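To start, the structure itself, in structure tokens.
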Amino acid sequence: MFGKLSHFLRGRSRERKLEHYAIPDALWAHTVATLPFVQRYGAADLATLRELATLFIAEKEFSTAHALPLADEMVASVATQACVPILKLGIEWYRGWRGIVLYPGEFIIRRTVEDDIGLVHGVVEEASGEAWEHGPVILSWPDVQAPGAGAGAHHAHHAHPDDSYNVVIHEFAHKLDMLDGEPDGVPPFSRVLHPGVDREQWAETLLGEYDRFADACDRQSDHAWDHPERLPPALRVIDPYGCEAPSEFFAVASETFFVEPAGLRRHWPALYGALATFYRQDPAAM
Ligand SMILES: [Zn+2]
């Protein structure tokens, strides 16, 4: 049903898209039933989420790799999870790109990194998700299906302490971060939706929490990560992949914010507050 999108529909009215791409009741019920973190929303928010997911399906282009068959349930699941972060922001926060590519499993990313003395190395790694600036979002479908199941972290190599894992929220948080250029952990703010928010101050809070998290991770011995259950509770609620860079910290903290909000609020109240300000949501209070 959603597989082929007609380009002529682009630019038609919102109502037209909502009608043409409406998610059938049974599919919507199934989608929500598979996503525990979505079930905390009340009826009004769920109705908005369903509308946003419908507009998302209308405006984005889904495809698959390696002959993975594209099913409606896959499209509805990705769209619904992707729209949780923009529930109080709006579909236009995902402007400027179109493609979503689903893989039948983890895929290989090749990138270059510059080391401390300026040498550039080619790096090959397995990933469950990737978001390109101005380009597509790439997701491993088995990882999309396992939100909260602790299937593995963004780049697959880290033990994931608690079950806040959500590759869709992770990659779409990067998309929001990239709205104002290279990902740096600080998304743009809207004068209308975020009145009175001082972006500099917000960035200071986020980067301060990032430093605190990265320092706390550094203080753990290497083998501490083999027994995540023995880590201090504050380190169990955020994926340690977050100490790679502020942009990754924003993405993994966003996963916890939506999937395990109470734990994030308890152990990282300032970070929780910053994310609540940006997303305009208070999921721990629901
Ligand atoms: Zn990432």
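The values are calculated or read from the model by the stated rules, or taken from the named source; none is laboratory data. Not measured: the values here are computed from a predicted model. Quick reminder, even Gly has a Cβ in these numbers, built from the backbone with ideal geometry, and neighbours come from all protein chains shown. Each accessible area value is taken on the protein alone, full model and side chains, heavy atoms only, with ligands, DNA and RNA left out. Shrake-Rupley method; radii C 1.70, N 1.55, O 1.52, S 1.80 Å.
When only Cα pairs below 8 angstrom with a gap of at least 6 residues are kept, the stretch 2-285 shows a relative contact order of 15 percent. Take the convex hull of the alpha carbons in the stretch 29-93; its mean projected area over all directions comes to 4.7 nm². Using a cut-off of under 16 Å, list every residue of the stretch 30-56 whose amide N is near the label point 7 Å from the Cα of ASP163 along the Cα-to-beta-carbon line. Only 33-40 pass the distance filter.
Based only on the alpha carbon positions, what is the Kirkwood hydrodynamic radius of the stretch 166-286, in angstrom?
This gives a value of 14.6 Å.
Where in the chain are the helices, taken as whole DSSP H runs, whose Cα atoms extend 18 angstrom or more along the long axis and whose Kyte-Doolittle mean reaches at least 0.0?
In the chain, the long hydrophobic H runs are 43-59, 246-259.
Positive contributions from Lys and Arg (+1) and negative ones from Asp and Glu (-1), summed over other residues with Cβ under 12 Å from the Cβ of GLU125, come out at -2. Using every Cα-Cα pair within the chain, state what percent have a distance larger than 24 Å. Taking all Cα-Cα pairs of the chain, the fraction more than 24 Å apart is 50 percent.
As a fraction of the 1.4 Å probe accessible area of the chain, surface on carbon and sulfur atoms comes out at 50 percent.
Report the net charge of residues surrounding PRO136, where surrounding means a beta-carbon distance below 13 angstrom and charges are Lys +1, Arg +1, Asp -1, Glu -1.
Values: positive: LYS60, ARG98, LYS175; negative: GLU61, GLU130, GLU133, GLU171.
Charge balance near PRO136 sits at -1.
Shape annotation for the stretch 1-138: C-alpha extents along the principal axes are 54, 36, 31 Å, from largest to smallest. Taking one quarter of the surface of the convex hull spanned by the alpha-carbon atoms of the stretch 182-237 gives a direction-averaged projected area of 5.4 nm². Between LEU179 and SER13, the simple label model (points 7 Å from Cα in the Cβ direction) yields a spacing of 2.6 nm. How many angstrom separate the Cα center of the stretch 57-110 from the Cα center of the stretch 244-286? Here the answer is 22 Å between Cα centres.
Per-residue extension of 0.36 nm, minus the Cα-Cα distance of GLU229 and ASP211, leaves a gain of 4.2 nm for this segment.
Extension gain for GLU114-ALA270 works out to 53.0 nm (0.36 nm per residue, less the C-alpha to C-alpha distance).
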